[in-house]
1. Report the residue, chosen from Asn44, Asn53, Asn162, that carries the largest GNM mean-square fluctuation when the chain is represented by alpha-carbon nodes joined by springs under 10 Å.
2. What aspartates and glutamates sit close enough to Lys3 to cross-link, taking a C-alpha to C-alpha distance under 16 Å and skipping anything fewer than 8 places away on the same chain?
3. Select from Gly116, Gly101, Gly138 the residue whose mean-square fluctuation is largest in a Gaussian network model of the chain (Cα-Cα springs shorter than 10 Å).
4. Explain nothing, just the number: relative contact order of the range 145-194, from Cα pairs under 8 Å at least 6 residues apart, as a whole percent.
5. Relative to 2.2 N^0.38 Å, what does the C-alpha radius of gyration of the range 70-164 come to as a ratio? Two decimals please.
6. Tell me, which longest segment in the chain has none of the trypsin sites (Lys or Arg not before Pro) that fall in DSSP loops with at most 15 further Cβ atoms within 10 Å?
7. Tell me the GluC sites (Glu not before Pro) within the range 145-210 that lie in a loop according to DSSP and have at most 12 other beta-carbon atoms within 10 Å.
8. Sequence-distant or interchain residues sharing an amide H contact under 5 Å with Phe158, placed H: which?
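Here, each number is a calculation from the coordinates, and none is a lab measurement. These numbers come from a predicted model, not from an experiment. Cβ sites come from the backbone with ideal geometry, for glycine too, and all protein chains shown count toward neighbours.
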Amino acid sequence: MDKYLHNFRILFAFHSGRIENEEITYFDTREIFENGKVVGFSGNPRAVMEQHNQKLCYEYLKEKIVNKESLSLELLKDVHRILTAGTYDEHRYIANQERPGEFKKHDYVTGIYQVGSPAEQVESDLEELIAEVNTYKGKDILMAAAYLHAKFEYIHPFADGNGRVGRTLLNYYLMINNHPPLIIYDEDKRLYYECLQKYDETEELKPLYRFLQYETEKTWEKTLELSKGIKEKCKGLKDFT
């Protein structure tokens, strides 16, 4: 898995991080994943910490992906704890007593609309969502993953880091169900947010589903082209022989 996801994991971490933090660069992300450090960095330390956490989270999930471990509340909290360690701002950490790996203790405005489950309802809403997707028996895994992602972001269970956690869980769910992971590209984030907002307003899932189809094809475009080329060569060889 490391071999096939070597470049993917770096690109995913870069784009997922940059969607919410413009200080993150591809060079710094690659240095962290390949060398474990960044030399000569002079920006906000949070940008480096977030990408370091992305690497740690990938390492944490590798074995679970191979073993196809189902989603659970504990897995969600572990992913959040790893991805947000050392990144909470002073107000959330000190004034609101919020902590990485714990569900939110207060309600927060999550976007244009005040969506999100009340703090006291988060755990039960997540349990219901996890039960739904873990027992899904249909063939369209991407549709189930779109539902998981839209509903997770709607619930907004944590005080911070919901986007990074949600995109990580999206790919985790895809991979344990034998579907290729995808990258939500930073340059497509406006459309991404519009699709999530559409679900928040109307519970209409198709826009997000089509968007994830597009991003999957975009993520693996070169691989698909190479595969197509190999098939055509093999066909030509068969015709020749």
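1. Asn44
2. Glu34, Glu59, Glu63
3. Per the Cα network of the chain with a 10 Å cutoff, Gly138 tops the list.
4. On the way: 22 pairs, mean separation 14.6, N = 50.
This gives 29 percent for the range 145-194.
5. So the range 70-164 has a normalised radius of gyration of 1.11.
6. Result, exposed sites excluded: 140-241.
7. Values: sites: Glu153, Glu187, Glu194, Glu201, Glu203, Glu204; in loops: Glu203, Glu204.
In loop regions of the range 145-210 (DSSP not H, G, I, E or B), the sparsely surrounded GluC sites (Glu not before Pro) are Glu203.
8. Residues meeting the amide H criterion: Lys104.
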